[in-house]
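Taken together, the values in this text are just the output of simple stated rules run on the coordinates, not laboratory data. Predicted model only: the values in this text are computed from it and were never measured. With ideal geometry, Cβ positions are generated from the backbone for all residues, glycine too; neighbour counts draw on all protein chains shown.
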Amino acid sequence: MMMMTRRIFIRRGATALAGAALFGEFAQLMARAAPGAKIRLGSRTNCFGGDYKVAKQCGIEGIEVGVGGAADTLKIAEPAEQQKQKDLSQAAGVVISSLSMDLMNGNPVATEPRAVAWLGQCIAAAKTLGATGILVPFFGKAHLLNGGDWKKDDLESVVKRLKEVAPQAEAAGVTLGVECTLPSAKYIEILDRIGSKFVGAYYDVGNTTGAGYDVPAEIRALKGRISQIHFKDGKNFLGEGKVKFDPIAAALRDIDYRGWIVLETSCPTKNGPADGKKNAGFVRQLMGI
């Protein structure tokens, strides 16, 4: 193995310091995204029956809205849809916390010719709607790992494309959240390569628990790099399945997480409003919000 020279050591040290400064700024950005509160509670639309007024009654403050299916112009980019979302959220007294690009699982960022255009459309829509984040998922055919190793061609393409749109996100004040079941070291590697405080990790405690990760340790390792968080616990109410939420809450407090916790919960009793209220109440008590 080649010995590390003093010059290489100094250069790597400088790079690490630059990364720390970059993601310190990212943490500050997340704090500004949630004025007056360290943590705010959001939800995907299916977790309370799709009615924004019901979401408000459940204790939800923000809605994560889907952007629609594959098309040259995404549904969320259409002025009529944007006005509809504004009207629904304002009437209910909630905000649009984030947008979710679920279509990217079947049309991966790495290979879809329209991916950069779609990201640009969603950034513009998020700015119009007042959303502070966009979920960019990498599941199914879009997953970035083959076993424990990177799909190298896909990784290179994703880094290139997210670097390309990062300045648009910065100009709009919107963060892109990479959601994939990655260990923290892999998350840090890809985020360091992209190198923008407007691209972070969208962390899902249910997925990572299912993958067997030490979730509190992973959260601590990702301090300053988490853009938003999904809470879910399989088909169970939060706290009644496999996810250990008390240690997760402690880790979030340790890293001074400031931003949205977004419910991606199921409806165990098939009663969206009642189940949504129970899950929201659990998180509020857990996190002291």
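Working note: Cα gyration tensor of the stretch 44-105, eigenvalues times five, square-rooted, sorted largest first, giving semi-axes of 21, 13, 8 Å.
The Rg/Rh ratio of the chain, with both radii computed over alpha carbons and Rh defined as the Kirkwood radius, is 0.97. For the stretch 136-253, place one equal point scatterer on every Cα, skip the solvent, and apply the Debye formula. What is log10 of I(q)/I(0) at q = 0.13, 0.16, 0.17, 0.20 Å⁻¹? Log10 I(q)/I(0), no solvent term: -0.51, -0.76, -0.85, -1.12. Dividing the mean sequence gap of close Cα pairs (under 8 Å, 6+ apart) by how many residues the stretch 213-285 holds gives a relative contact order of 37 percent.
Working from Cα pairs under 8 Å separated by at least six residues, relative contact order for the chain is 22 percent. Per-residue ellipticity at 222 nm computed for the chain from its helices equals -15000 deg cm²/dmol, with DSSP H segments shorter than 4 residues left out and the rest contributing -39,500 (n - 2.57).
Short-range pairs are left out: with C-alpha atoms under 8 Å and at least six residues apart, the relative contact order of the stretch 146-204 is 41 percent. Report note on the peptides 108-118, 76-86: ranked by the mean count of other C-beta atoms within 10 Å, highest first, their order is 108-118, 76-86.
Cross-link check: pairs 84/232; 127/242; 141/277 evaluated at a Cα-Cα cut-off of 31 Å; pairs beyond the cut-off: 127/242; 141/277.
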